[in-house]
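These notes concern the structure reproduced below.
The values are calculated or read from the model by the stated rules, or taken from the named source; none is laboratory data. Just so it is clear, the structure is predicted and the values come from calculations on it, not from any experiment. Every residue, glycine as well, gets a Cβ built from its backbone with ideal geometry; the counts of neighbours run over all protein chains shown. Accessible surface is based on the protein model in full, side chains and every heavy atom, while ligands, DNA and RNA are left aside. Shrake-Rupley method; radii C 1.70, N 1.55, O 1.52, S 1.80 Å.
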Amino acid sequence: MATLLRSKLSNVATTVSNKSQAKMSGMFARMGFQAATDEEAVGFAHCDDLDMEHRQGLQMDILKSEGGEEGAEPPMEGDIHYQRDGTGPLPPSASKEDGVCSELSGQGKPKITAWEAGWNVTNAIQGMFVLGLPYAILHGGYLGLFLIIFAAVVCCYTGKILIACLYEENEDGEIVRVRDSYVDIANACCAPRFPTLGGRIVNVAQIIELVMTCILYVVVSGNLMYNSFPNLPVSQKSWSIIATAVLLPCAFLKNLKAVSKFSLLCTLAHFVINILVIAYCLSRARDWAWDKVKFYIDVKKFPISIGIIVFSYTSQIFLPSLEGNMQNPKEFHCMMNWTHIAACILKGLFALVAYLTWADETKEVITDNLPSTIRAVVNIFLVAKALLSYPLPFFAAVEVLERSLFQDGNRAFFPNCYGGDGRLKSWGLTLRCALVVFTLLMAIYVPHFALLMGLTGSLTGAGLCFLLPSLFHLKLLWRKLLWHHVFFDVAIFVIGGICSVSGFIHSLEGLIEAFRTNAED
């Protein structure tokens, strides 16, 4: 009886806490702050079910009363947790499709407004990786500025055509949504001969991009700490090891509920940092080196700049789920327009102003150019933001790997890494720790922020943002496309392919050279 009473009191406390968190989240949403992170990996972290094929295993189960005694009362509303196998009973008013978003009530998934959707997209394309854009201007001049504008226009267009691939016309002539995710679109394009090939390609690209994002967080953490405290007898590699030690608990994550609480603080901190950098640059407006910005390109390094710029705009992978969760999906096009126009203006001004301030002295991470008096403070905030953002792409990458390799039913390549009770097996935890260590090793041997960012943008960024959307649009809707749409799709595919190959080759050459140099040292 005492045990049952304690269980009830605990459940009531949990319910009150959950409802309080829900009210606070609703208050921030009404103020315009949608809880989201600031990178493309960000989109995978929310209850928008950003890739439904890899989120079906995350369902809410109700715990049975302690000890499974006969006649025990069912658990209360707050007594719920995440189960991977999805075998437990669901709340009476909830369905499996309600997923994580049904945690606080049995109602359907909450819909978001166009402003909240725009906030998510803005966070994805206005993240901390914009700190590398002035370095792109260094090697591209005015052509780099043009590329920032061009990438915004193309990414906005490909985001719209990607959403168009989710819809088809039914027998009554009505346009209906028949697909839910990027993976569904890819599989539809490869059917019926290879019904799962497209989805696997998208998954591989997604995993590469997420893991590379994690590596970039470790690299930027080590770089910023080393340049903030150059007098300390600690190398950049050592700072990266320290950062990874802090990140090792990510291997024990079961869900993102706790981590997502920091997302709003991370985003606000990043905007404050950008304002500080721009304010300092404006204070030196009299010394701006306008003569250094020219119509020229560095043939060897400008292709890397292309990858940097493209990577800063990647958001396509979670747009299908975001559009599906909007209260009025018809506002999606308008939302994409103003978010990318704002991103284009802010990125262009930030890159140009920062480059004019430091000209040829511009470094890979622009905050390293700040005076030592304020550099340490700004960089510490950035390191904190990077460390708090790391769990999101890491957990998303783990989800995709586990679902594809260990939990895909009879098609799984390896035994299930979860036991019958939904607990992670010891060897599964070891693999997670190995992934964290892998990001560290890559950060140690290739500690070059710009090269890694350029490589990722050229490989997966260009593929997911330029090549695949235009190809899928032509494949699924070519009979209904007007001639100018066909022209745009073909042009984007060709230009994107050229930029992707060129950037990838030059970035890879730079990484190989850097790897050899570090190996010799």
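Flag: residue 444 does not match the condition of being of a type outside the set (D, E, K, R), over 24 Å from residue 221 (Cα atoms), over 20 Å from the mean Cα position of the chain (by Cα) and assigned to a helix (DSSP H, G or I). Just one of the numbered conditions (1) loosely packed, with under 13 Cβ neighbours inside 10 Å; (2) assigned to a helix (DSSP H, G or I); (3) touching a helix residue (DSSP H, G or I) at 6+ places or on another chain (Cβ under 9 Å) is not true of residue 336: (1).
Considering only residues in segment 154-179 that are of a type in the set (A, V, I, L, M, F, W, C) and part of a helix (DSSP H, G or I), the one that is most open to solvent (accessible area, probe 1.4 Å) turns out to be 164. The conditions of being at pLDDT below 85, of a type in the set (Phe, Trp, Tyr) and touching a Lys or Arg at 6+ places or on another chain (Cβ under 9 Å) are not met by residue 135. Against the test of being touching a Phe, Trp or Tyr at 6+ places or on another chain (Cβ under 7 Å) and in a helix (DSSP H, G or I), the options 216, 224 yield a single qualifying residue, 216. Look at segment 385-405: where a residue is assigned to a helix (DSSP H, G or I) and a partner is at pLDDT 80 or above and among the small types (Gly, Ala, Ser), sitting 6+ places away or on another chain with Cβ atoms under 9 Å, you get 386/221; 386/243; 387/221; 387/243; 394/251; 398/251. If you check 477, 508, 464, 459 for being touching a Gly at 6+ places or on another chain (Cβ under 9 Å) and at pLDDT 80 or above, only one passes: 459. If you go through segment 262-300 and keep only what is farther than 29 Å from residue 339 by Cα, part of a helix (DSSP H, G or I) and without any contact (Cβ under 8 Å) to a residue 40 or more places away in the chain, you end up with 286, 291. The set of residues in segment 301-331 that are in contact with a strand residue (DSSP E or B) (Cβ under 9 Å, 6 or more places away or on another chain), in a helix (DSSP H, G or I) and open to solvent by 10 Å² or more (accessible area, probe 1.4 Å) comprises 324, 329. Please count how many residues of segment 369-390 are under 16 Å from residue 218 (Cα atoms) and open to solvent by 10 Å² or more (accessible area, probe 1.4 Å). Looking only at that region, the number is 6. Just one of the listed residues (443, 450) is at pLDDT below 85, closer than 30 Å to residue 225 by Cβ and open to solvent by less than 20 Å² (accessible area, probe 1.4 Å), namely 450.
Applying the criterion of being within 21 Å of the chain's Cα centre (by Cα) and small (Gly, Ala, Ser) to the residues of segment 323-364, the residue that is nearest to residue 110 (Cα to Cα) is 324. So, of the residues in segment 339-368 that are open to solvent by 20 Å² or more (accessible area, probe 1.4 Å) and assigned to a loop (DSSP other than H, G, I, E, B), which turns out to be nearest to residue 446 (Cα to Cα)? By that ranking, first place goes to 364. It is to be established whether one or more residues within segment 370-384 are in a helix (DSSP H, G or I), touching a helix residue (DSSP H, G or I) at 6+ places or on another chain (Cβ under 6 Å), hydroxyl-bearing (Ser, Thr, Tyr) and modelled with pLDDT of 80 or more. Looking for residues that are in a helix (DSSP H, G or I), touching a helix residue (DSSP H, G or I) at 6+ places or on another chain (Cβ under 6 Å), hydroxyl-bearing (Ser, Thr, Tyr) and modelled with pLDDT of 80 or more, one finds none in segment 370-384, hence no.
Of the residues making up segment 474-489, those that are assigned to a helix (DSSP H, G or I), under 20 Å from residue 166 (Cα atoms) and open to solvent by less than 70 Å² (accessible area, probe 1.4 Å) are 474, 476, 477, 485, 486, 489.
Of all residues in segment 189-212, those that are open to solvent by 20 Å² or more (accessible area, probe 1.4 Å) have Cβ atoms under 8 Å from Cβ atoms of residues that are outside any helix (DSSP H, G or I), 6 or more apart or on another chain, in 190/196.
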